[in-house]
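Just below is one structure, and these are the notes that go with it.
The values are calculated or read from the model by the stated rules, or taken from the named source; none is laboratory data. Please read all numbers here as calculations on a predicted model, not as lab measurements. When we count neighbours, we look across all protein chains shown, and the Cβ atoms used for this are built from the backbone with ideal geometry, even at glycine. Side chains included, ligands, DNA and RNA excluded: accessible areas come from the protein's heavy atoms. Shrake-Rupley method; radii C 1.70, N 1.55, O 1.52, S 1.80 Å.
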Amino acid sequence: MTSSSDRSHAVDVSSPKTYEVRTYGCQMNVHDSERLSGLLEEAGYVPAPEGSDGDADVVVFNTCAVRENADNRLYGNLGRLAPRKASRPGMQIAVGGCLAQKDRDTIVKKAPWVDVVFGTHNIGKLPVLLERARVQEEAQVEIAESLEAFPSTLPTRRESAYAAWVSISVGCNNTCTFCIVPALRGKEKDRRTGDILAEIEALVGEGVSEITLLGQNVNAYGSDIGDREAFSKLLRACGTIEGLERVRFTSPHPRDFTDDVIAAMAETPNVMPQLHMPLQSGSDTVLKAMRRSYRQDRYLGIIEKVRAAMPDAAISTDIIVGFPGETEEDFEQTMHVVRQARFTNAFTFQYSKRPGTPAATMDGQIPKEVVQSRYERLVALQEEISWDENKKQVGRTLELMVAEGEGRKDGATHRLSGRAPDNRLVHFTKPDQEVRPGDVVTVEITYAAPHHLLAEGAVLDVRRTRAGDAWEKRNAQEAAKPAGVMLGLPQIGVPAPLPVATGGCAAH
């Protein structure tokens, strides 16, 4: 007989096994999916061709449990894959993320063709669980109750060669009544500052020029060690890293947004003049019902201080319309804050029940038609403000970091797209000389729309960067990568790596 160990090294001259990762939800899930891709590639898999739509040897769903219909969406997608899996021997399906952490055994009961279910705390186990499911020919369900490894310590296949997420904490200590994240991600756990800075320095060494510090409540960083100024110190430390041009972070919480953070943002040149500050509601009554530990005056006070320190800062937010018990007067308070704060843009959500949250069973659930009407009024107001604020950018000269895949019509309009320091999206005329994602161009803004700006004149300057070099190198490696011959099934452990290929929760 052949042992499972022998089988894992048997020669298989077929094409390398392919994988596809489908991501739902917040930026933390996006970052986790980069790690899942890295783990699979380290185990011998290769990405499925773009547009394969489930036609891969392994399909991984990285789920979100924030929306009311998240489970319906998952089971619908799993159902569509069932006949494909039945006709394709050896295909495997894995489900991870917040919904997997919440539903656990339910997933395999409802979709018995799923091979692996893993949680938010043990994404590093995916290759081992896939191998075990293959050898034992039965589903593997493994949900860790506490974090096994920070996402940033695992292998990666980053989607961008010039910009990167860096996780500084996971979990959340807040108890917002509309949010299930603390129950699924656990209490906040902070990463060591030295480890964070070491990762950033390594990324910069690879050509990355922009990083986004990531956490469920990013500016509560330091609560583990009792240092209330740990986050501002981290921002200032990022300012000392040579070659790091842009630093952003998401998402902060008004409760923990202190004056030292505002000072660090204003005084650290590579920390960008951009702030995403979730509001959720402008009504003190609703904020109390949400268990948000600030009130309207405190929120507007933060906005006022940020504008005083950084007059050109672009401030965005999250708002929930129709929370249980919200009256017309409560909603008008939200509209008042939007008028006062003059957000660059707002991510607006109609309240929907999150199963397992206190708000789901509260009295005073608002009729759908009322929620829809309020939502439309809020969106109309914010569109007007966004357009007015963008018009103020016309005539300004801005440095843009050239982006990849931001402008859907760039090909037809012969334009490229980039992000301004404040993260506004700018479409600009394609210059005669080559410009790569990660390079920096200087342009003059000539037109404003509510959600983007145009620079229709000639580009004033092009600066080729190490980030652009990294993008070019990554693409050359992708083009040159051979199909290869795979030796058997993916190995357990850490085999020699392949050539380097390198917005849900955010509302909380």
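With each label modelled as a point 7 angstrom along the Cα→C-beta vector, the residue 86-residue 399 pair spans 5.9 nm.
Just name one of 340, 309, 321: the one whose Cα is farthest towards the positive end of the charge dipole of the range 289-354 (beta-carbon charges, Lys/Arg +1, Asp/Glu -1). Of the options given, the answer is 309.
Protein heavy-atom accessible surface, 1.4 Å probe, per residue over the range 135-196: 42 Å². Model label sites at residue 449 and residue 202, defined 7 Å from Cα along the beta-carbon direction, differ in position by 4.0 nm. Give the label of the value calculated from the structure for Cα extents along the principal axes in Å, choosing from (1) 89, 81, 53; (2) 92, 60, 47; (3) 74, 61, 47. Step by step, Cα extents along the principal axes in Å for this structure corresponds to label (3). Over the residues of the chain, the helix contribution to mean residue ellipticity at 222 nm works out to -10500 deg cm²/dmol, using -39500 (n - 2.57) for each DSSP H run of at least 4. When peptides 233-242, 281-290 are sorted by average Cβ neighbour count within 10 Å, with the highest value leading, the order is 281-290, 233-242.
Rounded to 0.05, the FRET efficiency of the residue 433 and residue 288 pair, given R0 = 45 Å and the Cβ-Cβ distance, is 0.20.
In terms of the mean number of neighbouring beta-carbon atoms within 10 Å, the peptides 423-434, 181-192, 385-396 order highest first as 181-192, 423-434, 385-396. Converting the Cα gyration tensor eigenvalues of the range 35-171 into ellipsoid dimensions via √(5λ) gives semi-axes, longest first, of 22, 18, 16 Å.
Listed peptides 404-417, 105-118 appear in the order 105-118, 404-417 once ranked by packing, highest mean of other Cβ atoms within 10 Å at the front. Farthest toward the positive end of the dipole of the range 88-144, out of 96, 144, 128, is the Cα of 96, where the dipole comes from beta carbon charges about the Cα centre.
Label-to-label distance, residue 305 versus residue 373, with points set 7 angstrom from Cα along the beta-carbon direction: 3.9 nm. If the chain linking residue 146 and residue 267 were pulled fully straight, counting 0.36 nm for each residue of separation and taking away their Cα-Cα distance, it would gain 39.9 nm.
Between residue 241 and residue 329, the contour length at 0.36 nm per residue exceeds the alpha carbon distance by 26.8 nm. Near the amide H of residue 58, within less than 5 Å, lie the amide hydrogens of 18, 19, 20, 92, all on another chain or at least 5 residues away, with H placed in the peptide plane.
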